[in-house]
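The values are calculated or read from the model by the stated rules, or taken from the named source; none is laboratory data. Computed from a prediction, not measured in an experiment: that's the story for all the values here. Cβ sites come from the backbone with ideal geometry, for glycine too, and all protein chains shown count toward neighbours. For the accessible areas, the whole protein counts, side chains as well, though only heavy atoms, and no ligand, DNA or RNA atoms are used. Shrake-Rupley method; radii C 1.70, N 1.55, O 1.52, S 1.80 Å.
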Amino acid sequence: MTAIGMSACTHQPAPQTESGDANFNYVVDQFADLQILRYQVPGFEKLTLQQKQLLYHLSEAALMGRDILADQNCRYNLPIRRTLEAIYTTYPGDKNEEQFKALETYLKRVWFSNGIHHHYGEDKFVPGFTAEFFAACVNQVDPSQLPLREGETVEQLLAELTPVIFDPAVMAKRTVQSGDKDLIQASANNYYEGDLTQMEVDAFYEKMKEGQDTLRPISYGLNSRLVKENGKIYEKVWKVGGLYTQAIERIVAELEKAIPFAENDAQKAIIEKLIAYYRTGDLKTFDAYSVLWVQDTQSEVDFVNGFIETYGDPLGRKASWESTVNFINKEATERTRIISSNAQWFEDHSPIDPRFRKKEVKGVSAKVITVAMLGGDCYPSTPIGINLPNADWIRRDYGSKSVTIENITEAYDKASQGSGLSAEFMWSDKEMQQSKQYGFLTDNLHTDLHECLGHGSGQLLEGVDPDALGAYSSTLEEARADLFGLYYMADPKMVELGLLPVADAYETAYYHYMMNGLMTQLVRIEPGKNIEEAHMRNRQLIAKWAYEQGRNDNVVELKKRDGKTYVVVNDYQKLRALFARLLAEVQRIKSEGDFEAGKNLVENYGVQVDAELHREVLERYKKLNLAPYKGFVNPLMKEVKNEAGEVIDITLDYTEGYAEQMLRYSRDYSFLPSYNE
Ligand code: ZN
């Protein structure tokens, strides 16, 4: 899958029509560089009891594999987490003391990352407490609470864990993706065991691939650890009876309980095939399961559970364990259906040279879902969109499922409203009010237009090489899709189709776009650096080009007030005309394969950062004390039984705190030994 956060096409929220409780408390906790949010599950109450019970058992299965991911990330993660939890829950001293506070923060980060390395940066955490404090704490814990191997003393445990936590040179980086080093030896993750080199790993899998069906290649290595022992190289497969069997057996047991509640035979077959795969570890069975899964577009409840994403392996073979459990958001999916079914109208009215328009266009339909449980590599750090399966041949022959997780994007939006970012950077109350009223809706609509229509619009002239724009192609392609969305956002057709409530709602999308592209996105760039990432280049390209081209007409201004810079849009219709002009030019560049013009646009508008403005933006952002990374706690899902012991309802409880949830999971969903060899 492509977690949208990492894919070629990264986008912010899709809309939320079925609004949750206005008094819902979205922010749960904040520490280090992290903020913990809570998501609501609107529409859950309206599901049938059968659907709720299906969701319940799939959700239990989603939590059963938590320890697998921790062990995959690094072989010391489980003993370290368990040692810290034992200290945290039994500490006899003052819990407000600085050293203890630092240990608490460290533990909260370990929970968040499912290990001792940063979930995004990959570097090992630097503890804010001393090795002496750690040793004193461990010595105070009842040894029966510690993850001791048979016959191991507390002293031996300390001797083993202390350098892993405190020595920066030991297990420094979870996954090393580039450089001159041997990537396997340099990475601290647990996908490879023994003294393996990158060459040995490559040779092992090259051999495995010999004589395989090249039309339908198997994802060799996906569900195993590769081991070198006494000179022999072999796989330890993650399956029932294999590595991680203690957790996988529990997953299978919950999947079996889910079967009687399946919505239809197709869904039943999917769950059964997944169970067969977990039992055998056979990757052909996994492909068969994926084919069934991608073809099921009828079921309202859906889920992912397995070894899916390979970002954590420097060689991109081994998959981390993850799960999401969800159901369709029908109202929001209707919105993408309306857009897709009018695709030809949009194409025919696009402000580009008619030669570059597609004669026959197909809209891409994507569904919008509501997630009810997150597990493994989707928890607490969560994607906002998913596109699966990953096997190219299955995508080619059977297509893929593309989803937007709207209750997650809604939580992001709601939490950001109280962040102070708008108050700091928006020009006046008018912009803030509009943003509050229409910001979420228009952000999502822009994403829909971009995804369902923008990328699929337009055509190349005959004989033009699709790779003609080289390294500038992804920035220009994102710009084209963004401009398509921006242009139509302001079209009367939006109100006519019922996609926007009033004609001027689009203004907030334009303001957001200009403010972000000219200023606020710079918070992600380090001082002195240029913009590298394609989406960020595209956003600055559009905003800066429109700003400069509209200068004579005073369309957009950068105004100063009390020494602070603000974006002011003076004429929204003229801004739309500028977007139309740029769309026509970017489409021409693509259709004709005009490399020089494309390069000039990107280099002149998308790359360079105004150092002075950058410094100002960073300073203002810093004062807001915002956490750049966010994650989520799950609702607590409970079975309600009558006196006869029959399940009569499933309820969701949204009151659990972050540490509370993590400790409950460690108590109720922790099945693996501390060391998995
Ligand atoms: Zn895109």
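If you go through the stretch 84-112 and pick out every residue that is under 29 Å from the mean Cα position of the chain (by Cα), open to solvent by less than 10 Å² (accessible area, probe 1.4 Å) and either more than 18 Å from Asp167 (Cβ to Cβ) or of a type in the set (Ser, Thr, Tyr) (or both), you end up with 4. Within the stretch 534-547, residues that are under 19 Å from Gly470 (Cα atoms) reach partners that are at pLDDT 95 or above and open to solvent by 10 Å² or more (accessible area, probe 1.4 Å) with beta carbons closer than 6 Å, at six or more positions or on different chains, in the pairs Leu541/Tyr605. Within the stretch 136-172, the set of residues being open to solvent by 70 Å² or more (accessible area, probe 1.4 Å), among the charged types (D, E, K, R) and not in a helix (DSSP H, G or I) comprises Asp142, Arg149, Glu150.
Those helices (runs of 4 or more DSSP H) of the stretch 276-388 in which at least 3 residues are within 30 Å of Ile589 (Cα to Cα), considering only elements entirely within it, cover 330-341, 343-348. When Ser400 is tested against (1) of a type in the set (S, T, N, Q); (2) within 16 Å of the ligand (Cβ to nearest atom); (3) crowded, with 22+ Cβ neighbours inside 10 Å, just one condition goes unmet, and that condition is (3). The single condition among (1) in contact with a Ser or Thr (Cβ under 6 Å, 6 or more places away or on another chain); (2) assigned by TED's automatic domain parsing to the domain that holds Ser457 that Gly598 does not satisfy is (1).
Would you mind finding the one in Leu69, Leu103, Leu146, Leu157 that is in contact with a strand residue (DSSP E or B) (Cβ under 9 Å, 6 or more places away or on another chain) and either among the hydrophobic types (A, V, I, L, M, F, W, C) or free of Cβ contacts under 8 Å to residues at least 40 places away in the same chain (or both)? Just one listed residue meets the conditions, Leu69. Within the stretch 455-473, is there a residue that is touching a His at 6+ places or on another chain (Cβ under 9 Å) and modelled with pLDDT of 90 or more? No; the residues of the stretch 455-473 include none that is touching a His at 6+ places or on another chain (Cβ under 9 Å) and modelled with pLDDT of 90 or more. Criterion first (under 36 Å from the mean Cα position of the chain (by Cα) and more than 16 Å from Arg75 (Cβ to Cβ)) does Leu157 satisfy it? So Leu157 fails the test.
A residue that is of a type in the set (D, E, K, R) and open to solvent by 10 Å² or more (accessible area, probe 1.4 Å) occurs nowhere in the stretch 338-347.
Taking Glu410, is it under 18 Å from Glu334 (Cα atoms) and either surrounded by fewer than 19 Cβ atoms within 10 Å (Cβ to Cβ) or more than 16 Å from the ligand (Cβ to nearest atom) (or both)? Walk me through it before giving the result.
Numbers: under 18 Å from Glu334 (Cα atoms): yes; either surrounded by fewer than 19 Cβ atoms within 10 Å (Cβ to Cβ) or more than 16 Å from the ligand (Cβ to nearest atom) (or both): yes.
Answer is yes for this residue.
The residues of the stretch 603-612 that are open to solvent by less than 20 Å² (accessible area, probe 1.4 Å) and either closer than 16 Å to Tyr566 by Cα or among the β-branched types (Val, Ile, Thr) (or both) amount to a single one, Val607.
Being part of a loop (DSSP other than H, G, I, E, B) and not small (Gly, Ala, Ser) is the filter; apply it to the stretch 412-435 and report the residue that is farthest from Gln30 (Cα to Cα). Per the criteria, the residue is Trp427.
State whether the residues of the stretch 478-485 include one that is modelled with pLDDT of 95 or more, away from the ligand (no atom under 15 Å from the Cβ) and within 27 Å of Phe425 (Cα to Cα). Checked against the condition, which is being modelled with pLDDT of 95 or more, away from the ligand (no atom under 15 Å from the Cβ) and within 27 Å of Phe425 (Cα to Cα), the stretch 478-485 yields no hits at all. For the stretch 254-272, which residues satisfy the criterion of being open to solvent by 40 Å² or more (accessible area, probe 1.4 Å) and part of a helix (DSSP H, G or I)? The answer is Glu256, Lys257, Pro260, Phe261, Asp265, Ala266, Lys268, Glu272.
Annotation note: of Glu235, Glu249, the sole residue that is under 17 Å from Trp321 (Cβ atoms), not aromatic (Phe, Trp, Tyr) and not in a helix (DSSP H, G or I) is Glu235.
Here the condition is being open to solvent by 50 Å² or more (accessible area, probe 1.4 Å) and on the phi > 0 side of the Ramachandran plot; of Asn625, Asn600, Asn570, it holds for Asn625 alone. Every condition in (1) surrounded by 17 or more Cβ atoms within 10 Å (Cβ to Cβ); (2) closer than 25 Å to Asp213 by Cα holds for Val301 except the one numbered (2).
With (1) within 16 Å of the ligand (Cβ to nearest atom); (2) out of contact with any Gly (no Cβ under 7 Å at 6 or more places or on another chain); (3) open to solvent by less than 10 Å² (accessible area, probe 1.4 Å); (4) farther than 25 Å from Glu406 by Cβ as the list, and Ser474 as the residue in question, which single condition is left unmet? Ser474 satisfies all of (1) within 16 Å of the ligand (Cβ to nearest atom); (2) out of contact with any Gly (no Cβ under 7 Å at 6 or more places or on another chain); (3) open to solvent by less than 10 Å² (accessible area, probe 1.4 Å); (4) farther than 25 Å from Glu406 by Cβ except (3). Looking only at the stretch 510-530, residues that are among the aliphatic types (A, V, I, L, M) and either modelled with pLDDT under 90 or within 16 Å of the ligand (Cβ to nearest atom) (or both) come to 2 in all. Which residues, taken from the stretch 456-471, are in contact with a helix residue (DSSP H, G or I) (Cβ under 6 Å, 6 or more places away or on another chain) and within 16 Å of the ligand (Cβ to nearest atom)? Ser457, Gly458, Leu469, listed by residue number. Within the stretch 430-455, if we keep just the residues that are in contact (Cβ under 8 Å) with a residue 24 or more places away in the chain and surrounded by fewer than 18 Cβ atoms within 10 Å (Cβ to Cβ), the residue that is nearest to the ligand (Cβ to nearest atom) turns out to be His455. Here Gln661 fulfils each of the conditions (1) open to solvent by 40 Å² or more (accessible area, probe 1.4 Å); (2) assigned to a helix (DSSP H, G or I) apart from (1).
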